[in-house]
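Working notes for the structure below.
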Amino acid sequence: MNEQKNAGKESLLSTVNPSKAITKLAIPATLALLAKAVYNIVDTAYIGMLGSDIALAAVGVTLPLLLIMVSVENIFAAGASVLAGRQLGAGEKEGANKTITTIVGFSMLVGIGLCVLGIAFMDPLLTAFGADSEVLPQAKDYAFWMFIAALFNLPAQSLNCAARAESSVKISSVAVIAGAVLNVILDPIFMFSWGLNMGVEGASLATTISQCVTFVILLWFYFGGRSIIKIHFKYFQLSGKLLRQVISIGIPTAVIQICLAVATSLTNVAAKPLPDSNLIIAAYGVVQRLVLIGCYVVMGFMQGYQPVASYAFGAKNEERFHKSVKFALKGSLILTAAVSLLYILLAKPLILLFNNNPMVVEFGKWLLISQVALYPAFGLCYMMTITYQTIGSPKMGVFLSIIRQGLFYVPFILILPKLFGVAGIYFSQPAADTLTLLMCIFLIKPMKKTASQNMLKDA
């Protein structure tokens with residue numbers, strides 16, 4: 001029975017029309033990521049119910065740390081997913097087994113390191129990301145359990161990406177959704193006075209427990225022999241060559257998250273000298289969590305695209321690869337345009353879901369509109385980054401992952417708020433997105449040409 005199911009998964013990657021295959025894989029992947037977004041959204045909503053702008057600001061300053069940890073996850077998970085996908089396309093199942101087993105094991109070791117270092121250096125890290133003496137105590141309460149969660153999140157993300165590579169998206173969805181539902185249940189129990197009365201710390205602890213459950217479900221799937229890719233101790237090989245290969249592929253995806261973390265922290269820092277700085281930071285924390293939902297929509301679509309493209313590239317099927325690229329380009333632009341329109345139309349009511357302070361709502365409304373005004377820039381840039389990862393051009397992938405929130409956004413956020421106050425924060429993202437769109441449009445044709453050349457090179 002398992003063999004029949006696995007054969008069906010492989011046919012989805014190899015013979016089904018690329019647009020249908022991508023859509024079939026993308027829908028459950030997107031639902032899983034949206035469920036994942038529930039962690040942050042539910043935490044933020046419940047924290048808003050505490051009636052404390054300081055508590056909301058405390059969660060806001062932890063966001064860069066969360067994004068950094070996600071970026072570390074993605075270095076290994078995204079790299080392993082692409083490499084394993086190529087190996088499956090080339091008929092090298094043994095190689096895929098070794099890749100995933102090794103990366104899952106190594107992710108556990110890295111998770112331990114992140115947990116220990118994060119807890120040890122919590123104070124200076126949070127201060128650097130915008131926490132003042134008033135915000136710091138609650139920020140530490142929230143960050144502590146976030147670092148504990150790294151023990152489960154890193155290997156879980158690697159298992160998730162393995163499921164993506166072999167098109168086992170159903171188990172990935174089940175695992176993430178189960179964790180999200182549990183988080184919704186546990187949050188109020190841990191946070192409020194009628195329960196354990198842990199406040200901000202309770203929200204973070206609930207999330208950590210829920211993420212542990214996601215990890216356990218994925219372990220059950222892989223160690224139960226239900227997958228194409230097999231995880232077993234005999235496949236674990238702590239190979240420097242393999243790690244370098246995976247890291248070189250995964251770095252572009254990680255860099256996107258790192259740049260977002262830097263951009264978020266610099267925005268918090270830019271807000272600190274302004275009047276009502278804690279209210280701006282609180283509003284920005286809400287906005288970034290809303291924007292993450294939009295990011296997850298695009299990322300879910302790309303999680304449908306990447307295994308199809310990786311398999312076609314590994315199999316040297318140029319026609320199928322380029323059909324996948326064409327569909328992904330159109331899809332990323334349509335999805336981001338839809339997200340942009342929805343957020344602009346509903347900006348104020350969305351902020352009101354988390355906070356009813358009139359000033360927080362006003363700041364949040366304009367911050368949200370500014371973040372998504374030219375959101376297709378993110379969709380196009382992310383799609384092209386994933387493609388360059390897939391075709392073995394990591395340098396271009398790194399370049400594209402840097403430009404939007406690194407190369408372009410950083411100078412604007414450092415300069416414009418000093419000149420125009422909070423309006424400078426509003427204008428920074430649209431300015432960066434304009435330049436990003438122009439750069440990506442210019443690079444579309446070279447990307448397709450490079451893909452064809454690399455397939456011939458590897459043939």
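In terms of the Cα gyration tensor, with a ≥ b ≥ c the square roots of its eigenvalues, is segment 133-212 rounded because a/c is under 1.5, prolate because a/b exceeds b/c, or oblate?
Since a/c reaches 1.5 but b/c is at least a/b, the shape of segment 133-212 is classed as oblate.
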request  = Give the residue from THR436, THR99, VAL216 lying farthest towards the positive end of the charge dipole for the chain; charges sit on Cβ (+1 for Lys and Arg, -1 for Asp and Glu) and the dipole is referred to the Cα centre.
outcome  = THR99
note = Per its Cα gyration tensor (rounded if a/c is under 1.5, else prolate when a/b beats b/c, else oblate), segment 243-286 is best filed as prolate
key: Under 26 Å from LYS98, Cα to Cα: lysines that are on another chain or at least 8 residues apart   = LYS5, LYS9, LYS170, LYS230, LYS234, LYS241, LYS316, LYS395, LYS457
message = Neighbour counts of other C-beta atoms within 10 Å: give me CYS161, CYS381 arranged from fewest to most.
response = CYS381, CYS161
query = What do the square roots of 5 times the Cα gyration tensor eigenvalues come to for the chain, in whole Å, largest first, as semi-axes of the equivalent ellipsoid?
reply = 35, 26, 19
request  = Calculate how steeply helix 277-314 sits against the longest principal axis of the alpha-carbon atoms of the chain, using the helix alpha-carbon long axis, and give the answer as 0 to 90 degrees to the nearest 10.
outcome  = 0 degrees
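Given +1 on the Cβ of Lys and Arg, -1 on the Cβ of Asp and Glu, and no further charges, what dipole in debye does the chain carry about its Cα centre, rounded to the nearest 20?
For this selection, approximately 1800 debye.
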inquiry  = No solvent, one uniform scatterer per C-alpha: report log10 I(q)/I(0) for segment 272-359 via the Debye equation at q = 0.11 1/Å, two decimals.
reply    = -0.49
Angle between the chain longest axis and helix 18-49 axis [Cα atoms, degrees, rounded to 10] = 20 degrees
inquiry  = Per q in 0.13, 0.14, 0.15, 0.19 Å⁻¹, report the Debye log10 I(q)/I(0) for segment 194-268, using one uniform scatterer on each alpha carbon and no solvent.
reply    = -0.80, -0.89, -0.96, -1.06
Taking ILE444, ILE386 and counting other C-beta atoms within 10 Å, the order from fewest to most = ILE444, ILE386
request  = For segment 214-326, just say rounded, prolate or oblate: build the C-alpha gyration tensor, square-root its eigenvalues into a ≥ b ≥ c, call rounded for a/c under 1.5, and beyond that prolate if a/b exceeds b/c, oblate if not.
outcome  = prolate
note = Least to most buried among SER210, SER239, SER401, by other C-beta atoms within 10 Å and fewest first, runs SER239, SER210, SER401
ask   = Taking only Cα atoms, what is the 0 to 90° angle, nearest 10, from helix 409-420's long axis to the longest principal axis of the chain?
value = 20 degrees
request  = Specify the inter-centroid distance of segment 425-459 and segment 190-233, based on alpha-carbon positions, in whole Å.
outcome  = 37 Å
message = Given segment 63-156, report the % of alpha carbon pairs whose separation exceeds 23 Å.
response = 37 percent
query = At what distance in nm do the modelled label points of LYS348 and LYS445 sit from each other, each positioned 7 Å from its Cα along Cα→Cβ?
reply = 4.6 nm
key: Test item: Cα-centred dipole of segment 48-130, Lys/Arg +1 and Asp/Glu -1 on Cβ, debye   = 280 debye
message = With bins 10 Å wide starting at 0, give me the P(r) of segment 412-459 over every alpha carbon pair, in whole percents.
response = 24, 26, 20, 16, 11, 2
query = Hey, how many Å between the Cα centroid of segment 113-133 and the Cα centroid of segment 279-316?
reply = 26 Å
Furthest towards positive pole of dipole, PHE412, ILE402, GLY392, structure part segment 378-459, Cβ charges = GLY392
message = Using only DSSP helix segments of four residues or longer, with each worth -39500 (n - 2.57), what per-residue ellipticity at 222 nm results for the chain after dividing by its residue count and rounding to 500?
response = -29500 deg cm²/dmol
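Readers should treat all values here as calculations from the given coordinates under stated rules, not as data from a laboratory. Since we're looking at a predicted model, the values are computed, not measured. Positions of Cβ are backbone-derived with ideal geometry, glycine not excepted, and every protein chain shown enters the neighbour counts.
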